[in-house]
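One structure is given here, and the rest of the page talks about it.
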Amino acid sequence: MKHKIYKAIFIILLIIAIVLLVCIIYKYGNRQLNENKNKEILEVMAKTDSEEINTNENAKIKMQGYEVIGKIKIDKIGIEYPIVSIETSNPEETKAPMKIAIVKYWGGNVNDFGNLSIAGHNNYDGTMFGKTKNLEVGDSIELTDLNKHTISYQIYRKFVTDPNDISILKTEDNSIREVTLITCTNGNKERLILKAEEIK
């Protein structure tokens, strides 16, 4: 009798282990596909004429239906991603595009004056904004717009805040260029914020 119980427990545990393994492979497999897609978009951006993108609606670069508006590069943590524009800053509606890319959460176009807030997932494998926790005040961020104009920004503040804190989206001075990086932390209970301004 005990032998049958042990055998049944072993089979149940084996099934659970297989299901978990399949889920992990699926999750990380999808992330790898997204990483490959992001690299493809960066290659398209490099090859596409900037004037054509700005004047021809059909030449706009899209990533799974979302318009690409520029790219972010942070050498210190080895990331480079396209930035996509979405029509909303509603957290529920940003979930789908944030699974595939870095998104413009608030503000104008890349490298416009004022505050551009961009958000990315804090992935455990270090993809997207998973390594932004390693950035410090004084580190630099590069943003490139669709005209292929690159501006360097220097981080001047790093802090954690409540997910409902909208003060991070505001700028005190619309005559300067700022960028705010947003990612989740503490099991999605808080937001890690990095604020940077143009290096002149």
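Computed from the coordinates by the stated procedures, all read-outs in this text should not be read as laboratory data. Here the structure is a predicted model, which means the values were calculated and not measured. Neighbour counts are summed over all protein chains in view; Cβ atoms, including those assigned to glycine, are modelled from backbone coordinates with ideal geometry.
At 0.36 nm per residue, and after removing the present C-alpha to C-alpha distance, how many nm does the segment from D125 to Q32 gain when stretched out fully?
On the way: separation 93, 0.36 × 93 = 33.48 nm, distance 1.04 nm.
Using 0.36 nm per residue and subtracting the Cα-Cα distance, I get 32.4 nm.
Using only the alpha-carbon atoms of the chain as identical scatterers, what base-10 log of I(q)/I(0) does the Debye formula give at q = 0.11, 0.17 Å⁻¹?
-0.54, -1.15
With everything on Cα atoms, drop me the angle between helix 2-47 and the longest principal axis of the chain, reported from 0 to 90° to the nearest 10.
Orientation of helix 2-47: about 20 degrees from the principal axis.
If each residue of separation counts as 0.36 nm, what is the full-extension length gain between E43 and Q154 once their alpha-carbon separation is subtracted? Before the final figure, lay out each step's value.
Details: separation 111, 0.36 × 111 = 39.96 nm, distance 2.58 nm.
Net length gain for the segment: 37.4 nm.
In whole Å, what is the distance between the alpha-carbon centres of the range 93-129 and the range 130-158?
13
For D75 and I176, what is the calculated FRET efficiency with R₀ set at 25 Å and r taken between the beta-carbons, to the nearest 0.05? Can you show the working numbers first?
On the way: r = 23 Å, r/R0 = 0.91.
After rounding, the FRET efficiency stands at 0.65.
Restricting to Cα pairs below 8 Å that are 6+ residues apart, what does the relative contact order work out to for the chain? Please round to a whole percent. Walk me through the numbers before you get to the answer.
Details: 340 pairs, mean separation 32.1, N = 200.
Relative contact order, the chain: 16 percent.
Note down, for the range 154-200, the three equivalent ellipsoid semi-axes (square root of 5 times each alpha carbon gyration tensor eigenvalue), biggest first, whole angstrom. Mind showing how you got there, number by number?
Numbers: eigenvalues 97, 27, 8 Å².
Ellipsoid half-lengths, sorted descending, are 22, 12, 6 Å.
Quick one: which of 164-177, 100-113, 147-160, 4-17 comes out on top by average Cβ neighbours within 10 Å, and what's the full order, highest first?
On the way: 164-177: 12.5, 100-113: 19.6, 147-160: 14.9, 4-17: 9.8.
Highest to lowest by the protection proxy: 100-113, 147-160, 164-177, 4-17.
Would you mind computing, in nm to one decimal, how far apart the modelled labels at K4 and N164 are, each placed 7 Å from Cα along Cα→Cβ?
Computed distance between label sites K4 and N164 equals 5.6 nm.
At what distance in nm do the modelled label points of I15 and E136 sit from each other, each positioned 7 Å from its Cα along Cα→Cβ?
In this crude spin-label approximation the distance works out to 5.2 nm.
How about K60: which lysines have a C-alpha closer than 24 Å to its C-alpha, ignoring those fewer than 8 places off in the same chain?
Of all the lysines, those that pass the test against K60 - Cα under 24 Å, at least 8 places apart if same chain - are K37, K39, K47, K71, K73, K95, K99, K104, K148.
Quick check on the chain: helices-only [θ] at 222 nm, where DSSP H runs of length 4 and up contribute -39,500 (n - 2.57) each and the sum goes over total residues. Nearest 500, please. It would help to have the intermediate numbers written out before the result.
Working: 3 runs with 60 residues, N = 200.
Helix contribution divided over all residues of the chain: -10500 deg cm²/dmol.
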